[in-house]
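Below is one structure; the comments refer to it alone.
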Amino acid sequence: MKSKYVLFAALCLFYCCKEKSTGFDISLNSKIRLDTIYISELITKKPIAKVYESKETKTVELDFPTVANIYSKNNNQEYLTILAQNKNLNISILPDSSLTTNNKSDSLINYLWKSNLKFIQENSSFLFTTQNTDSIPILFESFRKERENEINKFEDQFSPEITEILYFQNDARIYSFLFWLGRISRGIPPNNSYFNFIEKIPEASNTLKSLPDIYLYKYEVEYLRKNQSIESITDFLKFIEEKTNNKELADFLKANYIKALIEMPSYWEKHEKLFDTEVLTQTLNSEKTNIYYNLIEQPSSSFYASQNGEKAYLFHAEDKFGNQFNLKSLMGKVIFIDTWATWCGPCLNHRPKVLEFAEKYKNNDDVEILLVSVDSSKDKWLSFLDKENKEFAKNLFIERGMRTEFGNNYNIKSIPGYILIGKDGKIINSNINEPSIAVEKEIESALEEK
C-alpha cells in the first residue's frame with residue numbers, strides 16, 4: 001500500500017509541472033427554485049464559493065486538490081466533490097432537491113462515504129458483540145479491497161492526484177471507524193493485536209487533509225504502546241511533530257488535535273482530563289507560529305466563553321407562538337438549558353428526566369427550565385411539541401442552533417448538551433453529560449446562593 005501512495009505522489013508531481021492553469025470553473029444547473037449553494041473544504045470548513053443562480057459560472061483558484069462539501073442552506077442536502085485544477089465542477093439540482101455533479105470521481109467518493117455507513121449497519125450485530133475482535137479488521141480489509149477494485153475500474157479516467165485521494169478516502173473511512181470502535185466503543189487496549197492495522201497506514205502526505213484524524217488516532221495508539229498513559233497535552237503535541245516529517249502537515253494535525261479536544265472531548269478520553277483553560281492558554285501560546293492557527297481560534301474562543309464561572313451568553317430564540325425570547329429576561333433565576341433536536345436519539349432518551357425537572361420546579365419562580373431546539377426545520381419541532389403536549393418547560397427554537405452564536409458561545413458541537421446558569425448570570429456547569437440526581441443537587445445548591 002505504501003508503494004501505491006509513493007507512485008501516485010511521483011506521478012502527481014510530474015503532472016502538476018505540466019499544468020498551466022491553477023483554477024477551475026463552477027457552474028450550476030437547476031430546473032427548480034433553489035437556495036444558495038455553498039462549497040467549502042470538507043475538514044477545515046473553509047468557504048470556497050457560493051453559487052446563487054442557475055447557469056451562473058464562477059472561476060475559482062485552487063492551491064492543491066481537496067475534498068469539498070456541496071450543500072444548500074435550507075434543504076439540508078449534501079454532496080461530496082473532489083476539487084482539482086482543470087476539473088470543472090458542474091452541479092445539478094435534481095427535482096427532489098438532491099445534489100449531484102455527474103462526475104465519476106465524485107460519484108465514487110460519495111459511494112465510499114455512504115457504503116461505509118451501510119456496511120457498518122449491515123454488520124452492526126457482529127461488530128458490537130463478537131469476542132474475537134481480531135476478526136473485525138479482517139472483515140473490513142475484505143470490504144476495503146472490494147471498494148479498491150471499484151476505483152480500479154475507472155482509474156484511467158482520472159488524474160493521478162484524484163486517484164490518490166480516492167484510494168486514501170477508501171482506506172481512511174474504514175480505519176476511522178475501526179479506531180472509533182476499538183478506542184471508544186469497545187475500549188480495546190492499545191497493545192491489543194486488533195490495532196495492528198495501523199501498520200498499513202502510510203506515512204503522512206498532503207492527502208491526509210481530506211480525513212486527518214486517522215493519523216492522530218494512529219499516533220495515540222503508537223504513543224500508548226510506548227508509554228503507560230498520555231503524560232500531557234504538550235507531550236502528545238511533540239509526539240505528533242516527531243512522527244510527521246513535514247512541518248506543514250504536523251501543524252495541520254496539531255491544529256486539528258487541539259480543535260478536536262475542544263469540540264469532541266468524548267473522542268479523546270485519555271487526553272481530556274489533562275485539558276483545561278490553563279493548558280489551552282499555554283498551548284495557544286506555543287502554537288502561535290502554527291500555519292493553521294486559524295483552525296484553533298474560533299473553538300478556543302467558544303471554549304473560554306463556555307467555561308464555568310464565565311458570564312452566560314444572552315442569546316435570542318423564538319417560542320412556539322413566534323414570540324421572541326431573550327435570556328436576559330431570566331437573569332436573577334437559576335436556569336437549566338437542554339439543547340436538543342427532534343432527530344437526536346440520546347436527546348429524546350433523556351427528555352423524560354428533563355421534563356421531571358420542569359414539573360418539579362414549575363411553581364418555583366426562581367428556576368427556569370429551557371428546552372432549546374437546534375433543529376433545521378421549525379415545522380418538525382412544532383409537530384413534535386404538538387404530539388408531546390407537555391407545558392412544564394419553556395420550549396424555544398434556534399434554527400440550526402449549533403452553527404449560530406448560541407452554539408459558538410456555549411461550545412455546543414454535539415447534542416444533547418446541558419447547561420446550568422446561576423442567579424448571578426454566570427455559568428455553573430456547561431459540561432453536564434445528562435440530567436441526573438446530581439444535577440438536581442446542583443440546582444438546589446444554586447437556589448441557596450444569595
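The values are calculated or read from the model by the stated rules, or taken from the named source; none is laboratory data. Quantities reported herein were computed from a predicted structural model and do not represent experimental measurements. When we count neighbours, we look across all protein chains shown, and the Cβ atoms used for this are built from the backbone with ideal geometry, even at glycine.
For residues in region 68-98 being assigned to a strand (DSSP E or B) and of a type in the set (A, V, I, L, M, F, W, C), which is nearest to residue 58 (Cα to Cα)?
Taking the candidates together, the pick is 89.
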Spans of helices (runs of 4 or more DSSP H) in region 265-320 with at least 2 residues closer than 25 Å to residue 227 by Cβ, β-branched (Val, Ile, Thr) and touching a residue at least 24 places away in the same chain (Cβ under 8 Å): 277-286
What residue, among those in region 134-145 that are in contact with a helix residue (DSSP H, G or I) (Cβ under 9 Å, 6 or more places away or on another chain) and part of a helix (DSSP H, G or I), is nearest to residue 170 (Cα to Cα)? 144
Residue among 273, 288, 254 that is of a type in the set (Lys, Arg) and crowded, with 20+ Cβ neighbours inside 10 Å: 254
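Is it true that some residue in region 331-344 is in a strand (DSSP E or B), assigned by TED's automatic domain parsing to the domain that holds residue 409, out of contact with any Leu (no Cβ under 6 Å at 6 or more places or on another chain) and closer than 25 Å to residue 73 by Cα?
Yes, some residue in region 331-344 is in a strand (DSSP E or B), assigned by TED's automatic domain parsing to the domain that holds residue 409, out of contact with any Leu (no Cβ under 6 Å at 6 or more places or on another chain) and closer than 25 Å to residue 73 by Cα.
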Restricting region 159-177 to residues that are in contact with an Asp or Glu (Cβ under 9 Å, 6 or more places away or on another chain) and surrounded by 19 or more Cβ atoms within 10 Å (Cβ to Cβ), the residue that is farthest from residue 218 (Cα to Cα): 163
Residues located in region 321-347, provided they are loosely packed, with under 15 Cβ neighbours inside 10 Å and free of Cβ contacts under 8 Å to residues at least 60 places away in the same chain: 321, 322, 323, 324, 326, 328, 329, 343, 345
Would you check if residue 357 is assigned to a helix (DSSP H, G or I), aromatic (Phe, Trp, Tyr) and either over 23 Å from residue 73 (Cβ atoms) or not assigned by TED's automatic domain parsing to the domain that holds residue 426 (or both)? yes
Looking only at region 68-124, filter to residues that are within 22 Å of the chain's Cα centre (by Cα) and of a type in the set (D, E, K, R); which one of those is farthest from residue 43 (Cα to Cα)? 118
Could you tell me which numbered condition residue 318 fails, if it satisfies all but one of (1) closer than 19 Å to residue 363 by Cα; (2) modelled with pLDDT of 90 or more; (3) not hydrophobic (A, V, I, L, M, F, W, C)? (1)
Taking the criterion of being of a type in the set (Asp, Glu), modelled with pLDDT of 95 or more and loosely packed, with under 15 Cβ neighbours inside 10 Å, would at least one residue in region 108-127 satisfy it? yes
Out of curiosity, is residue 245 part of a loop (DSSP other than H, G, I, E, B) and closer than 30 Å to residue 163 by Cα? yes
All but one of (1) within 23 Å of residue 399 (Cα to Cα); (2) under 27 Å from the mean Cα position of the chain (by Cα) hold for residue 296; which doesn't? (1)
Quick check, is residue 383 surrounded by fewer than 21 Cβ atoms within 10 Å (Cβ to Cβ), farther than 21 Å from residue 263 by Cβ and among the hydroxyl-bearing types (Ser, Thr, Tyr)? yes
Can you say whether residue 131 is surrounded by fewer than 17 Cβ atoms within 10 Å (Cβ to Cβ) and either of a type in the set (Val, Ile, Thr) or in a loop (DSSP other than H, G, I, E, B) (or both), as far as the supplied structure shows? yes
Any residue at all in region 420-439 that is part of a helix (DSSP H, G or I) and exposed (fewer than 14 other Cβ atoms within 10 Å of the Cβ)? yes
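Do we have residue 250 as modelled with pLDDT under 95 and closer than 30 Å to residue 298 by Cα here? Reasoning before the result, please.
Working: modelled with pLDDT under 95: no; closer than 30 Å to residue 298 by Cα: yes.
The answer is no for residue 250.
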